Amino acid sequence: MKDKQYLFPFPRSGDGFEFVYTGQIQKLTTLIFTAHLTATREDIVVKFVKQYNAEAHTLCANNNVAPALLYYNPCIVQEWGMVVMKHSSAIGWYQAQLIDFDWVGQADVDKYPNLNPKIDWPDGIGGGITLKREHDLIWLERLRKVLGLVQK
């Protein structure tokens, strides 16, 4: 894959490390790539984002629900930032880890972006509306139902 690096975005390094791209996750729909560090060959994920909550990512990583955040630069090319994290080798629904912190915000401070109208958003959620803790609790309850973890 090293000879095919011209197919991937130009940034190929961070503070004190270099990497080689190995693939793309969800081709044509996201800017999320698989790669490995050149020094150790450790698998990583590289994301290009317009905004990112590195603090939330680190908090989740410290609680073992997200892979370790290795690097974040909020402005690598124009308005695009670059996120580098360890690649989770977890397999299976219950072993999944969070990797999407693009739209994480602080309750009662940050606002929702423009939202996908195809998603069944809970009442009171919309573009420009202030984030509320209650909204997260609604999503958590929906997830519990999907996983069959509803408390009786």
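The values are calculated or read from the model by the stated rules, or taken from the named source; none is laboratory data. Bear in mind that the values here come from a model prediction, so they are computed numbers and not experimental data. Cβ placement follows ideal geometry from the backbone for every residue including glycine, while neighbour counts extend to all protein chains displayed.
Annotations
- The set of residues in segment 102-116 that are surrounded by fewer than 10 Cβ atoms within 10 Å (Cβ to Cβ) and modelled with pLDDT of 85 or more comprises Asp108, Val109.
- Residue in segment 78-101 that is among the β-branched types (Val, Ile, Thr), closer than 29 Å to Val45 by Cα and at pLDDT 85 or above present: yes
- Checklist (1) at pLDDT below 85; (2) assigned by TED's automatic domain parsing to the domain that holds Ser13; (3) assigned to a loop (DSSP other than H, G, I, E, B) applied to Leu149, failing item: (2)
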